[in-house]
1. Given the protein chains as shown and a 1.4 Å probe, how many square angstrom of LEU191 are accessible, to the nearest 10?
2. Taking 8 Å as the Cα distance limit and 6 or more residues as the minimum spacing, I'd like the relative contact order of the range 125-209 as a percentage.
3. Going through the cross-link list LYS67/LYS132; LYS92/LYS159; LYS97/LYS136; LYS82/LYS129; LYS123/LYS159; LYS87/LYS136, which pairs have a Cα-Cα distance over 19 Å in this structure?
4. Suppose a student asked you for the relative contact order of the range 61-209, using Cα pairs under 8 Å spaced at least 6 residues apart; what percent would you report?
Amino acid sequence: RSRSPLTWGRGEVGSPPGGCPLHTGTDAGDTLEYNPNLLDDPQWPCGKHKRVLIFASYMTTVIEYVKPSDLKKDMNETFREKFPHIKLTLSKIRSLKREMRNLSEECSLEPVTVSMAYVYFEKLVLQGKLNKQNRKLCAGACVLLAAKISSDLRRSEVKQLIDKLEERFRFNRRDLIGFEFTVLVALELALYLPEGQVLPHYRRLTQQF
């Protein structure tokens, strides 16, 4: 019997051509309220290396020197302990977001478009729907959806963006187009976002651009 490409099966939401399904996530991920500052919290890298000193009239934070590799390891371990339902490390999540930003710069997409793509991407991350196999397709689909919603792109510009996504993330465009609808369904068609979810990302991006 044939299956619908968007059948909610055990552990997956849809299966686009090329087959990298989205996980259905977990109860913990489904009930987690989206916080646009969570994954960019500067406190994450500090981990156990941060010490707070409290004095009579003031409080200060001291962070001891630690090798970057150890800091990265500790950060990922702390993140995994707090969010065991998320299959990706925090460093990998942030690396994918940098790729999304760099590609958007190459395609002259506005910071607000990147910000929207970040919100889509982070919502799926926090719901536990991403894994090693589908992470790049998901990142690419989020950029493509955000560009279509927030930018008045011509057909040729959409094609150019898909070309760039295919080159950057090394997937097949047919898989991307199939996965775009899978992500849309996983986001429950909620592509128009409240200002409070987008603005924190926008502020950080405009300081970086």
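1. The value for LEU191 is about 10 Å².
2. 35 percent
3. Violating the 19 Å limit, Cα to Cα: LYS67/LYS132; LYS92/LYS159; LYS123/LYS159.
4. 27 percent
The values are calculated or read from the model by the stated rules, or taken from the named source; none is laboratory data. No experiment lies behind these values; they were computed from the predicted model shown. Areas reflect the complete protein model, heavy atoms only, side chains present, ligands, DNA and RNA absent. Shrake-Rupley method; radii C 1.70, N 1.55, O 1.52, S 1.80 Å.
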